[in-house]
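What follows draws every value from the coordinates through simple rules; no lab data is involved. Every value quoted in this text rests on a predicted model; they were computed, and no experiment measured them. Here the Cβ is made from the backbone with ideal geometry for all residues, glycine too, and neighbour counts use every protein chain on show.
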Amino acid sequence: MCDDKCYKNRRTESLRSGVRQCGYCKSTTIHLDTLAFNGIFYIFALIYNMKNMHELKIETRAQVFSYAELPASLQALVQRAKEQVQNSYSPYSHFAVGAALLLDNGEILTGSNQENAAYPSGLCAERTVLFYAHANRPGIGMRALAIAGYTNGSYVDDPISPCGSCRQVMAEFEQTSNHPMQVLLCGAREVYLFESARDLLPYSFLKESLLSER
Ligand code: THU
């Protein structure tokens, strides 16, 4: 039995809310009033949180074209991306990717994936051309980027989907371009046309995300 004195001397420990143990004789006491109070509190907290919980809808869209349906200028860009797979250095994945970037001055720059025996040192085709463009044509906006994938002797059936890191870089350089950058993902028969790089990375982390924290 619990010694009344030790309880009065506060030699009790709280095991969990509403349950206390006497430090002297180790007997436990359940305080129903505390339990009930906490229970009501948790139910209210749950109802309050449920009221605030709502859905955040993030939508994106692309247009699907056959090659013949694409405007001629974009067909030419796609063609350059497809040709560029020849320059891929992909002895490890055997997955060749070509990218062609149309600049505001009408110039088309190209890039391909470059792999390395130290795998993470390699770079995707998209970032190869995007970084090259930003380094060598500073201040010139980027209009459109076409990407093509090739493996096992043919172009990939489904339009190639850029990795997250490339989408992040596209989103940033679209912002520095001050206008949308179209992105064309090439498959064997169809091309997915995104009107903006942001459509491939909705809810992106951009420079405002850093500034808002200052
Ligand atoms: N790769 C690209 O170059 N772009 C993409 O959009 C997807 C993947 C490369 C990286 C690596 O060299 C190979 O494809 C296999 O992942």
Tell me whether segment 70-149 comes out rounded, prolate or oblate; compute the Cα gyration tensor, take square roots of the eigenvalues as a ≥ b ≥ c, and use a/c under 1.5 as the rounded threshold. oblate
Compute the angle between helix 72-84 and the longest alpha-carbon principal axis of the chain, please, reported from 0 to 90 degrees and rounded to the nearest 10. 80 degrees
Can you give the charge dipole size of the chain about its Cα centre, rounded to the nearest 20 debye, using +1 on the beta carbon of Lys and Arg and -1 on the beta carbon of Asp and Glu? 1140 debye
Please turn the phi angles of segment 40-48 into ³J(HN,Hα) values with the Karplus equation 6.51 cos²θ - 1.76 cosθ + 1.60 (θ = phi - 60°), one per residue in order, whole Hz, x for glycine and proline. 4, 4, 5, 5, 5, 4, 5, 4, 4
Mind sorting C186, C22, C124 by how few other Cβ atoms lie within 10 Å of their own Cβ, fewest first? C22, C124, C186
Y42 versus Y89, label points 7 Å from Cα toward the beta carbon: distance in nm? 6.0 nm
Could you order the peptides 95-108, 78-91, 59-72 from most to least packed, using the average number of other C-beta atoms within 10 Å per residue? 95-108, 78-91, 59-72
Give, to the nearest whole percent, the P(r) tail of the chain beyond 21 angstrom, counting all Cα pairs. 65 percent
Relative contact order for the chain: what is it in percent, counting Cα pairs under 8 Å that are at least 6 residues apart? 16 percent
Could you pull out which residues in segment 38-79 have an amide N less than 17 Å from a spot 7 Å beyond the Cα of R137, following the Cα-Cβ vector? 73-79
Summing -39500 (n - 2.57) over the DSSP H runs of n ≥ 4 in the chain and dividing by its residue number, what mean residue ellipticity at 222 nm do you reach, to the nearest 500 deg cm²/dmol? -10000 deg cm²/dmol
Classify segment 113-169: rounded, prolate or oblate, from the alpha-carbon gyration tensor (a ≥ b ≥ c, eigenvalue square roots; a/c under 1.5 rounded; otherwise prolate if a/b is larger than b/c)? oblate
Taking the 0 to 90 degree range and rounding to the nearest ten, how far is the long axis of helix 164-177 tilted relative to the main principal axis of the chain, both from C-alpha atoms? 70 degrees
Taking neighbour counts of Cβ atoms within 10 Å as a proxy for exposure, in what order, fewest first, do E190, E126 appear? E190, E126
Under 10 Å, Cα contacts only: if you run a Gaussian network model on the chain, which one of Y192, Y203, Y155 comes out with the highest mean-square fluctuation? Y203
Compute the label zone of S66 within segment 139-159: residues whose backbone N is under 20 Å from the point 7 Å along Cα-to-Cβ. 155-159
For H31 and L103, calculate 0.36 nm times their separation in residues minus their Cα-Cα distance, and state this gained length in nm to one decimal. 18.6 nm
